Amino acid sequence: MASAAPEKCVFCDIVAGKAPAYKVYEDASTLAFLDLFPFTRGHLLVIPKRHGARFTDFAPEDLAAVVRTLRTICRRAERLTPDYNVALNAGAKAGQIVFHLHFHVIPRYGEANPFHPGRRTRITEEEAVGVMADLSAP
């Protein structure tokens, strides 16, 4: 059911190894990596490797793999804090920027609202390495 990748999809480029990412987890059909412009420390994205813009673009069997990976990543996020948001933005008016299905796992540390409209800053290499060490398997 998932559609063919558009001409330019940064997440498809990450899957293909054409774009860099701070990968935290990978299996045959899914990938999890740090958001380059995190709302909070440890903000992660979980994606299917096959392209599809929306949740409804995938068959239930394909979504099962994404949900399994999402569960794994939520467990890892609990190493940072017991509190986190799981978010899905479907469509431009809902805040979707990259039109490849992805879930956000956003650790919460007591900030009032991680979805604030303020400017987000790009994660540094040093920050990414530290967070990846905290989230690495097992």
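Just a few scattered comments:
- Calculated [θ] (222 nm, deg cm²/dmol) that DSSP helices of n ≥ 4 give over the chain, each run adding -39,500 (n - 2.57): -8000 deg cm²/dmol
- Check: segment 1-136 dipole with +1 on Lys, Arg Cβ and -1 on Asp, Glu Cβ, in debye: 180
- When chymotrypsin sites (Phe, Trp or Tyr not before Pro) are flagged only if DSSP places them in a loop and at most 14 other Cβ atoms lie within 10 Å, the longest unflagged stretch of the chain comes out as 1-108.
- Environment charge of residue 12, counting only residues whose C-beta is closer than 12 Å and scoring Lys/Arg +1, Asp/Glu -1: +2
- Applying the criteria of a DSSP loop state and at most 14 other Cβ atoms within 10 Å to the GluC sites (Glu not before Pro) of segment 56-138 yields 78, 111.
- Computed from Cα positions, the angle between helix 125-135 and the longest principal axis of the chain comes to roughly 80 degrees.
- Unit charges at the beta carbon, dipole of the chain: most positive-side option, 90, 36, 137: 90
- In degrees, nearest ten, helix 60-77 long axis to first principal axis of the chain (Cα): 10
- Judged by a Cβ-Cβ distance under 4.7 Å, the unpaired cysteines of the chain are 74.
- Estimated vicinal HN-Hα couplings, Hz - segment 29-44 in sequence order (Karplus 6.51, -1.76, 1.60; Gly, Pro = x): 10, 9, 8, 10, 8, 6, 5, 6, 10, x, 6, 9, 4, x, 4, 10
- Fraction of the pair-distance distribution of the chain above 18 Å, Cα-Cα pairs, percent: 54
- Other residues lying with their Cβ under 9 Å from the Cβ of residue 30 contribute a combined charge of 0, Lys and Arg counting +1, Asp and Glu -1.
Readers should treat all values here as calculations from the given coordinates under stated rules, not as data from a laboratory. In this text the structure is predicted, and so the values were computed from the model without any measurement. Note: ideal-geometry Cβ built from the backbone for every residue, glycine included; neighbour counts use all protein chains shown.
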